[in-house]
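Enquirer: Mind looking over this structure? Questions follow.
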Amino acid sequence: MKNYRTLLVCIPLFTLPFLLSTLTVEKAEEIKRFHTEQEMAMFATMVMDTSLPISYNAIFAGSGVCQKCHGFDTLGVASVDASGNDVNVVDDWRATMMGNSARDPFWRAKVSHEVLLYPQHKNEIEDKCTSCHAPMGHFNAKHLGAAHYLMADLMSDELGQDGVSCLGCHMQNQESLGLHFSGEVKYDTFKVAYGPYPTPLVSPMLTETGYKPKFSTRSGEGAQCAGCHTLITETLDFEGNFTGNKFVEQATYHEWLNSAFNDSISCQGCHMPSLDKFPVYLVTGAQTEPRNPFYLHEFVGGNVTMLKLLRDNIESLGLKASPGQFDDVIAKTVNMLQNRTLELNLKLESRESDTARFSLKLTNRAGHKFPSGYPARRAFIEFLVQNEAGDTLFISGKTDENFEVTGHNLTYEPHYQIINSEEQVQIYELVLGDVNGNVTTALVRADHALKDNRLPPLGFTKNHATYDTTLIAGAALLDEDFNRENGMEGSGSDQIFYHVPVSSSEAVFVSAKVFYQSTPPKWMQEMFAESTPEIDAFRTMFDAADRTPVLVRETSDYFAPPVAAKERKPFQNFVQLYPTPSSDGLIFVKSSLLHDVKIFSLNGQLLNSLSSKSGNYELRLPQKGLFLIKFEGKNGRVQVEKVVVQ
C-alpha cells in the first residue's frame, strides 16, 4: 500500500471524492489508464475509511478528524518521504501501544485485578488508570464535573477508547509541561492544537476541524511525556488502609532527566525521529509550506509481545489498525531494541587448569533505564559455553517451553557480580515489595523496591535531584562496577564475571545474548490466580500469543586452549586470512604452501572441502555465524583458524 504513488496534483484530500464524482468521462478514462482497477479500488477504500472516530466531545476531537488531512494521501503528495514512501502520522500512530492504550487487554485485566483486591477503592483505582490510558475521555469528564472516570464510562466512550490520540498530546497546556505527574495532565480547554512549526497554516485546519494550530516553543520537549511516564502510587496494606507511603511505579521521564541526554536528545528524538532535512508536505494544497524537520509518529518502544498479541486479536478487541500496520510497528520496535539499546563486550580474563574466567560488559545506549516503564519488563542474559563439538559445557539464563528463565529463585533472582553456577542468572528488573517485605505484582500494594538493577542511562548519578524517584535498589548498590567506571559514576554500564569449569586442553566457543521480555510469565502468576472477565479474556490471548523473548544484542568469540611457550612450534601459520571478521562471508586466503581445506560449523559439521590449494584465492562461507577452517599442508603441517561472519 505504501508504494502506490500518483500524479503530483495539489488538491486537498477531502475534495477527492467530490472531484472523482464530477470528472468528465474523458478525464475519468485518463485516470483509469494511469491507475489499475485494483489501485482505484484501494484508493476508494482509503478515502472512505471511517474506522477512526470522527466525533467530538466538549474538549477533544477524535483521530478520524485529524486523519482527513494528516492521514494517507491518495495523490502521493503529502506525507511522503524522499523515496515516495507514505509516512503519514495517523497510520504510523494507529498500530502503536499509544494508539491502543485504552484497548490494551493486559491493562484492562490488570485494572480489574487491582479492583478485585480492593473493591472499596474501585473508583480511585479506575480513575487513576484511565487518566493516562484514556486521557481525552478522562479529562473531558472531569471538565464537565464528573468525580471519577471509570472503566464503565470508557466502554461507552468513543473518544476515551481513542487512546493517547492526536489531541491527547497536542492540546496539553504548554506552561504546565514537566510539572505534573501520575496522570495529572493539564489541557487547554479552548480549541487549539500546539505544534513545532512557527508558521502554521491556520485557515484550512480551523475551517475543517474547529481547532486552531498554534506554534509552541515547547512542542517536542521531553516534558510533554512527563505527565504519564512518571507514575507514583499510594501504598495500601492488606486490609486496604493507606499507609502514607508512596511508590514510584515508573519514572521514565525522571530517568531521562538524570542522564547525559536531557540537554541534547529529547524523548521524541528517539521515539519520534525526524526525516533529517527532507521537507514533507503535511497536507496537499498549493498554499501549504513543506515542513522541515518532519517528525515520524512511530512511538516505538520495546513491547513486541503485546503488539503481536494485538495484531492477532484485532477483531475481538475492536482495534482500528490492520495486521500490516502492526507488522510495521513490530519491525520498528525490534529494530529499536536491537540497534539503539545496548552494547556488549566479551573478554577472556584468565584461564587456569580447570576454570575459564570471562567478563561481559553491558552498556546502556537508551536515554533512560533499560528496561524502563511498566515494572513487568525485564532483560536477562543467556551465557553459553560450548566445546568444539558443539556440546554445552555451561549455560546460564536458558528459557523453558513457557518462556520462563530456568534456575531463577522462586521469589526473585538477586543481582550478581560473579556467576559460577547454572542456577544463577543475571536479570535486570524492578521487583516490588509489599508492606510485609514480600514480592508483589499488585501496584497498589507496592511499598518499596526489593531490587532495581535496571541499567541506568549514561550520566546517571545518585546526587541528581531526581534520584529519589530513580533509585538503585538491592545488591546492585554494592556492585563497584554497576554504573561505575574507573571509580566514577555515570557509565551506564555493568560488568558480570562468569567462572566456568573447563579443561585446560579444550577450545571453547562462548556466546552471550541479552533478551527482553515485556510480559514475563512470572509477573502474570498473581493476576492469573484470580478470575474476572478481563483477566480470563487476556489469559486466553496470552496463552495463544507468540511470547518469544526478543534478542536485543549478542556477542560471541572462540578461545583456543592455552599453549605453553615451549610447546609452540615456529612457523606455525602458513596461511593468512582477511578480512576477519567478515561482513559478507567472503574470505581471501594467501599461502605459498600446497594444502587442503576443510570448513566446519561450530558443532563439528563438515560444510565444505577443497583440495590442493595454494597462492591467492577466495573462500565463500555459507551463512552468518562462527566457523572453523582447517588447513592441512601437504608436508603435514596443520593450521586451524576461526572466522566470524557478522
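Just so it is clear, none of the values below were taken in a lab; they were calculated from the coordinates. From a predicted model like this one, the values you see are computed outputs, not experimental measurements. Reconstructed Cβ throughout: ideal geometry from the backbone, glycine too, with neighbour counts over all protein chains shown.
Enquirer: Using θ = phi - 60° and the Karplus curve 6.51 cos²θ - 1.76 cosθ + 1.60, what whole-Hz ³J(HN,Hα) does each residue of segment 586-594 get, with Gly and Pro shown as x?
Expert: 3J(HN,Hα) across segment 586-594, in whole Hz: 8, 10, 9, 10, 9, 7, 9, 9, 5.
Enquirer: Here is a further query. I54 versus H499, label points 7 Å from Cα toward the beta carbon: distance in nm?
Expert: Output for this residue pair reads 7.0 nm.
Enquirer: Select from L458, L443, L360 the residue farthest towards the positive end of the dipole of segment 341-559; place +1 on Cβ of Lys and Arg, -1 on Cβ of Asp and Glu, and compute about the Cα centre.
Expert: Farthest along the dipole direction, towards plus: L458.
Enquirer: Using Cα-Cα distances under 8 Å and only pairs 6 or more residues apart, what relative contact order does segment 89-335 have, in percent?
Expert: So the answer I get is 19 percent.
Enquirer: Further, regarding this structure: Please arrange T555, T288 by counting, for each residue, the other beta carbons lying within 10 Å of its beta carbon, fewest first.
Expert: T555, T288
Enquirer: I've got another one for you. What is the spin-label model distance, in nm, from H448 to Q417 if the labels are put 7 Å beyond Cα along the C-beta direction?
Expert: Rounded to a tenth, the inter-label distance reads 2.2 nm.
Enquirer: If you don't mind, there's one more thing I want to ask. Decide, for segment 478-539, between rounded, prolate and oblate: order the square roots of the alpha carbon gyration tensor eigenvalues as a ≥ b ≥ c, take rounded if a/c falls under 1.5, and otherwise choose prolate if a/b is larger than b/c, else oblate.
Expert: Because a/c hits 1.5 or more and a/b fails to exceed b/c, segment 478-539 counts as oblate.
Enquirer: Quick one: if the Förster radius is 25 Å, what FRET efficiency do K630 and N345 give, using the C-beta to C-beta distance and rounding to 0.05?
Expert: Working: r = 29 Å, r/R0 = 1.16.
Plugging the Cβ-Cβ distance into 1/(1 + (r/R0)^6) gives 0.30.
Enquirer: I would also like to ask the following. Over all directions, the average projected area of the alpha-carbon convex hull for segment 143-195 comes to how many nm²?
Expert: Over every viewing direction, the Cα hull of segment 143-195 projects on average to 4.5 nm².
Enquirer: Now, a different point. Averaging the inverse of every distinct alpha carbon separation and then flipping it gives the Kirkwood radius. What is it for the chain, in angstrom units?
Expert: Result for the chain stands at 27.9 Å.
Enquirer: Continuing with the same structure: If you consider only alpha-carbon coordinates, what radius of gyration and Dmax does segment 118-168 have, in Å?
Expert: 10.3, 34
Enquirer: Please check the chain for the longest run free of chymotrypsin sites (Phe, Trp or Tyr not before Pro) that are loop-located per DSSP (anything but H, G, I, E, B) and have at most 14 other Cβ atoms within 10 Å. Mind showing how you got there, number by number?
Expert: Values: sites that count: F190, F238, F571.
In the chain, the maximal stretch lacking such sites is 239-570.
Enquirer: To continue, here is another question. For a quick check of your reading of the filter: which GluC sites (Glu not before Pro) in segment 432-519 sit in a DSSP loop and have no more than 14 other Cβ atoms within 10 Å?
Expert: For GluC sites (Glu not before Pro) across segment 432-519 that sit outside H, G, I, E and B with at most 14 neighbouring Cβ atoms in 10 Å, the list reads E480.
Enquirer: Further, regarding this structure: Largest first, please: the extent of the C-alpha atoms of segment 481-602 along each principal axis, to the nearest Å.
Expert: Per principal axis, max minus min of the Cα coordinates gives 75, 42, 30 Å.
Enquirer: Using the C-alpha atoms of segment 393-496, what convex hull volume per residue, in cubic angstrom, is computed?
Expert: It comes to 126 Å³ per residue, whole-number rounded.
Enquirer: Out of every Cα-Cα pair in segment 89-335, what percent are more than 31 Å apart?
Expert: Numbers: 8025 of 30381 pairs.
Value for segment 89-335 (Cα pairs over 31 Å): 26 percent.
Enquirer: For L360, what is the net charge nearby, where nearby means another residue's Cβ is under 13 Å from its Cβ and Lys, Arg count +1, Asp, Glu -1? It would help to have the intermediate numbers written out before the result.
Expert: Working: positive: K347, R357, K361, K513, R553; negative: E343, E349, E382, D481, D494, E554, D557.
Counting the neighbours of L360, the net charge comes to -2.
Enquirer: Expressed as a fraction of 2.2 N^0.38 Å, the rule-of-thumb size for a compact globular protein of N residues, what is the C-alpha radius of gyration of segment 341-559?
Expert: Against the empirical 2.2 N^0.38 Å value, I get 1.08 for segment 341-559.
Enquirer: Mind pulling the per residue volume of the convex hull built on the Cα atoms of segment 565-645? Å³ is fine.
Expert: Measuring per residue, one finds 101 Å³ for the Cα hull of segment 565-645.
Enquirer: On to the next question. Net charge within 13 Å of S216 by Cβ-Cβ distance, Lys/Arg positive one each and Asp/Glu negative one each, not counting S216 itself?
Expert: Working: positive: K212, K214, R218; negative: E175, D188, E221.
My count for the surroundings of S216 gives 0.
Enquirer: Could you tell me how many degrees, from 0 to 90 and to the nearest 10, lie between the Cα long axis of helix 323-339 and the main elongation axis, the longest principal axis, of the Cα atoms of the chain?
Expert: In the chain, helix 323-339 runs at an angle near 50 degrees to the longest axis.
Enquirer: Let me ask something else about it. Loop only per DSSP, at most 12 neighbouring Cβ atoms within 10 Å: give me the trypsin sites (Lys or Arg not before Pro) in segment 394-477, ordered by residue number.
Expert: Taking segment 394-477 and a limit of 12 other Cβ atoms within 10 Å, no loop trypsin sites (Lys or Arg not before Pro) are found.
Enquirer: Using the Cα centre of the chain as origin and beta-carbon charges of +1 (Lys, Arg) and -1 (Asp, Glu), tell me which of G160, G64, S503 is placed farthest towards the positive end of the dipole.
Expert: It is S503.
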